[in-house]
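Scroll down for the structure; my scribbles are underneath it.
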Amino acid sequence: MSEAGPHAAIARLLAGCQVLTLATSGPRGPWAASVFYASDAQFRLYFVSDAGTRHARDMAADPRVALTIGPEPAGWHEVRGLQVEGEATRLAGAERAAALSLYLAKYPAIAALHSAPRTKDEEIIAARLLHTPFWCVTPRLIRLVDNSRGFGHREEWHPAAAGRHDEAARQDGGGGRLP
């Protein structure tokens, strides 16, 4: 692990990617959905999902979620990404407004149509952004996977532990590589 730990690499991946794949579980079993997201300095992840979607119903019943974020690799040696487990909460009031601001800052094209929709479809998107629930995933664990640093290279960051010693914990206790 670098002297700074995985924080900079996590921040770069969050800034450089646009879509996360969210995994939930509910009465009908496991489910996955891809959503656009924004993040903050504490690596909390914000996204819009209608309350009637299967993943939103699952999160309302059981807030434990897992997700992945990463660019599309051309080969195994380019696999980089994040595996996250955490808890999802539906935002309201000032928290929802702050999430919308982060979201619009990350997606200038959406911000433009939000402020001045030009077509009927853009009007629908702008209206939905005003009324559709925003969700926040607060990570309990973020695992950084980066095969460019060696096949199977992984580093883990536990936000709760970061407050005590601000150091990432290794899954394998060694050099971050699988044997």
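The values are calculated or read from the model by the stated rules, or taken from the named source; none is laboratory data. Computed from a predicted model, the values in this text were never measured in an experiment. Note that each Cβ is placed from the backbone with ideal geometry, even for glycine, and that neighbours are counted across all protein chains shown.
Would you check if T89 is crowded, with 17+ Cβ neighbours inside 10 Å, of a type in the set (S, T, N, Q), modelled with pLDDT of 95 or more and under 18 Å from the mean Cα position of the chain (by Cα)? No: the conditions fail for T89. Scanning segment 111-139 for residues that are without any contact (Cβ under 8 Å) to a residue 60 or more places away in the chain and aliphatic (A, V, I, L, M) gives A111, A112, L113, A116, I124, I125, A126, A127, L130. Screening E156 against (1) of a type outside the set (A, V, I, L, M, F, W, C); (2) crowded, with 16+ Cβ neighbours inside 10 Å; (3) assigned to a helix (DSSP H, G or I) leaves a single unmet condition, (3). If you check T68, T24 for being of a type outside the set (G, A, S), in contact (Cβ under 8 Å) with a residue 40 or more places away in the chain and touching an Asp or Glu at 6+ places or on another chain (Cβ under 8 Å), only one passes: T24.
Do you know which residues across segment 30-46 are at pLDDT 95 or above and either surrounded by fewer than 17 Cβ atoms within 10 Å (Cβ to Cβ) or part of a strand (DSSP E or B) (or both)? Correct list: P30, W31, A32, A33, S34, V35, F36, A38, S39, D40, L45, Y46. Residues in segment 142-151 that are surrounded by 13 or more Cβ atoms within 10 Å (Cβ to Cβ) and either polar (S, T, N, Q) or modelled with pLDDT under 85 (or both): N147, R149, G150.
In the condition set (1) without any contact (Cβ under 8 Å) to a residue 12 or more places away in the chain; (2) in contact with a Leu (Cβ under 9 Å, 6 or more places away or on another chain), P30 is compliant with all but (2).
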